[in-house]
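What follows is a single structure, written as C-alpha cells, with notes after it.
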Amino acid sequence: MLRRPTVIVFAALLSAVSAASQGQGTQAPITYRVTFPEPEHHWMQVEATFADLGQQPLDARMSRSSPGRYAVAEFAKNVFFVEAFDGNNQKLAYTRPEADVWRVSGHDGTVRVVYKIFGDYANATYLGVDTTHGHLNMPAAFMWANGHEDRGIQLTFVPPAGLNWKIGTQLFATSDPNTFTAPNLQYFMDSPTELSDFLASRFTVAGSDGTAVDFRLVVHSDGSQADVDELAKLVERLVREQMAVYGEFPTYEPGHYTFLLDYVPWGSGDAMEHRNSSSISNPRVSIRTAQGRQQALANISHEYFHSWNVERIRPAGLEPFDFTRENVTCCLWLAEGFTQYYGQLLLTRAGLAGQSSGPPAAGALGLLNTASRGVRSAVQMSEYAPFADGAGTFVDVSDANRTFYSYYGYGSALALALDLSLRERSSGRQSLDDYMKLLWNRHGKPGGAAPGLVGQPYSLDDLRDRMAELTSDRPFADEFFEKYIEGTDIPDYPRLLALAGYRLEAAASSRGWIGNVSVAETPEGLAVGVVGSAASGNPVTRAMAVPFNTPLYEAGIDSGDVIRAIDDRPATTAAWNEIGTRKPGEPVTLTVMRRGGAAIRKTITLKADPTVQRLVSMETVTTGQSAFRAAWLGTRVR
Ligand SMILES: [Zn+2]
C-alpha cells in the first residue's frame with residue numbers, strides 16, 4: 001500500500017478541507033506525473049498509477065464529456081503510445097472493450113499507465129501544449145478509473161527546463177510547488193491548470209462576515225504587469241457587485257478563487273466556469289488597451305457568476321457529472337441563461353459596461369426575433385444542448401436555424417421578464433436577486449459531502465416551488481412556469497420594459513416581408529436556404545431551412561427549391577431584395593423548380609416585417625419609471 005501524501009495546506013484555516021483533500025477512503029491516492037518532453041510537438045506524457053486494486057481488472061478510461069460543455073468531445077482520440085506496467089514494472093497487456101477504455105488484467109494490485117496525448121487547442125475545453133504553455137482542461141488530458149471516483153488524487157507536474165513555467169490552478173497546493181492534490185475525481189476534473197510564464201495579480205474582498213476572500217488573476221498574454229494589475233482592479237469592482245446579489249461569497253475550498261486568463265493569438269475562444277476558478281481564452285483580446293480590458297470583462301462576469309449559479313446552485317442533471325456521456329438537464333435556461341443576464345446586468349451595475357451600458361435586454365430581442373420562436377420551450381431548448389453545443393460536428397443538414405434558440409439567449413430573456421415582473425408585483429420590494437439568493441440558501445450554500453460535490457441539486461419542480469415560496473403566490477409561480485418555461489408563450493416585453501421607461505422599436509413594420517430566408521444566386525436561379533454562392537466567390541457553407549410562420553414556408557417553398565423567376569422576370573439577388581421594398585399585403589409571384597424537375601408557380605401575399613430592431617429609452621421618462629430603472633440597474637455595493 002502506498003502512503004498517502006501529507007498535506008499541510010491552509011491547515012489552520014481549513015482543516016476540514018485539508019482532511020478531505022487527502023481522499024475519502026483508506027485506499028492509496030491515484031497519482032499522476034505529467035511531463036512535457038517535446039512541447040514544440042504539442043504532446044505531453046502522463047504516468048497514472050492506480051494502487052490497491054485487489055484482483056479486479058482496471059478500466060482506465062478517457063472522458064467523453066467535460067463539465068460545462070453539453071456535447072460529447074471524445075477526448076480519447078488524442079491518446080497514443082499507451083503502455084501498462086504492474087507494481088514490479090512488468091509490462092502488462094490491455095484490451096479495448098470501449099473506444100475510451102483500456103482494460104488491464106493480470107496485475108499485482110498496482111497498475112501504472114503511461115501514455116502520450118496530443119493537444120494543440122488551447123481553450124477551456126481541450127488541451128493545448130506548445131513552448132509557451134501547457135493549457136490543461138483535465139477531462140481532455142487525464143485517464144481515470146471506473147470504480148475509484150472517490151479516491152484522493154495527487155498530481156506532480158514536471159515543467160520543461162528553461163521556460164520559467166509556473167502553475168496556476170484551483171487544485172490544493174502542497175509543500176512542493178509542483179505537486180497538488182484533489183479530494184476526488186469530480187474535484188480533480190473541475191480543476192483546469194495553466195502552466196506558463198504567466199503574470200499574476202491578487203486582491204482580497206471582505207466577505208459578509210468581514211473575513212478576507214483571496215482572488216488571483218493568472219494571465220498569459222502580451223500584457224505587462226501594469227496591464228494585469230489594471231485588469232485586476234476592474235475585476236475587483238465586478239466581484240464586489242456580484243457578491244452584493246447574494247450577500248456573501250461561497251467558500252472557495254483551496255482558500256482562493258483563480259481567474260485563468262489566456263489571451264494569446266494561438267489560443268481558441270472559450271470560457272468555462274469551475275467551483276473555485278474559471279478558465280477563459282480569447283485570441284482576439286489584448287489587455288494592453290483599456291478597450292481590450294473592457295472586452296475581457298464580459299466573459300469574466302459571466303463565468304464568475306457561475307461560482308454560485310451552476311457550480312453550487314446546480315441542476316440535478318449535472319450532479320454528479322458523468323464523464324462517460326453527455327449530461328442532460330431541464331434547466332440551462334437558468335444555469336446559463338440567468339448567468340448570461342446577470343453577467344451583463346452586473347457589469348452595468350458596477351459601471352463597467354462601457355459603450356453598451358443599456359439594460360441587459362439582448363436576449364429578449366433575440367427571443368422575439370428568432371425563427372424558432374414557439375418551436376421548443378426553454379426546457380426543451382436546454383435538453384437540446386448536447387446537439388447544439390457541438391454545432392458543426394455533424395455532417396448532415398440541420399434545421400436548427402428554425403427549431404433551436406440558445407438557452408443562453410432564451411434564459412436571459414426569461415430572467416429579464418422575471419426580474420421586471422417580481423419588481424412590479426412587489427412594488428420594488430422583491431427582485432430576481434431575491435430569487436437567486438433563495439436558491440443559494442436552499443440549494444447552494446448547504447454544500448456537499450466533499451469539495452467538488454453538491455448535496456442539494458435542484459429539479460424543475462424545485463425551481464417552481466422556490467418561486468412560489470419567494471412570492472407567497474403559487475398561482476403566479478405556476479403560471480410563469482407553465483406559460484414561459486415549460487410552454488412556448490413569450491412574456492409581454494413591451495409592457496414590462498415600459499416599467500423602466502424603455503420601448504422596443506420595430507425594424508420596418510411598414511415593409512413587405514416574405515421571411516428571413518437566405519438565397520444564393522446560381523446559374524439556374526436563386527437557391528433557397530443556401531448561404532453563400534459559388535458565383536459570388538463565397539463557398540456554399542450550409543443549408544438553412546425556411547422558418548415556420550413565414551409567407552415563403554406557407555407557400556410550400558423550402559431549401560432544395562430554386563426560384564427561377566420573380567413576377568416572371570429572372571430571379572436575381574437584386575430582384576429578391578426588391579421584394580423587401582414592397583408593402584405588406586402586396587403580392588409576389590414566384591416560379592420555382594423543385595428537385596426532380598417539377599415547376600411550381602405560387603403567388604404569395606407579403607406580411608408586415610415583425611423584426612424588433614432595438615430597445616430605446618422613452619422620450620419622456622416619468623419619476624416612477626426613473627426610480628424603477630435606478631433600482632434595477634444601479635449599484636448595490638454600499
Ligand atoms: Zn456559462
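Brief remarks follow.
- Taking residues in the stretch 54-73 that are β-branched (V, I, T), and partners anywhere that are within 16 Å of the ligand (Cβ to nearest atom) and modelled with pLDDT of 95 or more, the pairs with Cβ atoms closer than 6 Å and at least 6 places apart or on different chains are V72/S65.
- Residue within the stretch 292-310 that is assigned to a loop (DSSP other than H, G, I, E, B) and either farther than 25 Å from W632 by Cα or away from the ligand (no atom under 16 Å from the Cβ) (or both) present: no
- Selected residue [part of a loop (DSSP other than H, G, I, E, B), within 16 Å of the ligand (Cβ to nearest atom) and either within 27 Å of P177 (Cα to Cα) or not aromatic (F, W, Y) (or both)] from A99, A71: A71
- Taken together, A417, A371, A400 contain a single residue that is hydrophobic (A, V, I, L, M, F, W, C), surrounded by 21 or more Cβ atoms within 10 Å (Cβ to Cβ) and modelled with pLDDT under 95, which is A371.
- Some residue of the stretch 447-470 being away from the ligand (no atom under 16 Å from the Cβ), among the aromatic types (F, W, Y), surrounded by 15 or more Cβ atoms within 10 Å (Cβ to Cβ) and under 20 Å from the mean Cα position of the chain (by Cα): yes
- Listed by position, the helices (runs of 4 or more DSSP H) inside the stretch 525-638 whose residues that are aromatic (F, W, Y) and buried (at least 19 other Cβ atoms within 10 Å of the Cβ) number at least 2 are 623-633.
- Taking the stretch 597-610 as the range and being of a type outside the set (A, V, I, L, M) and modelled with pLDDT under 95 as the test, the residues that pass are G597, D609, P610.
- Residue within the stretch 469-486 that is over 30 Å from V621 (Cα atoms), in contact with a strand residue (DSSP E or B) (Cβ under 7 Å, 6 or more places away or on another chain) and of a type in the set (D, E) present: no
- Flag for A200 being over 30 Å from A51 (Cβ atoms), in contact with a Gly (Cβ under 9 Å, 6 or more places away or on another chain), of a type in the set (A, V, I, L, M, F, W, C) and surrounded by fewer than 23 Cβ atoms within 10 Å (Cβ to Cβ): yes
The values are calculated or read from the model by the stated rules, or taken from the named source; none is laboratory data. A quick note: this is a predicted structure, and the numbers were derived from the prediction, not measured. Backbone-built Cβ (ideal geometry, glycine too); neighbour counts: all protein chains shown.
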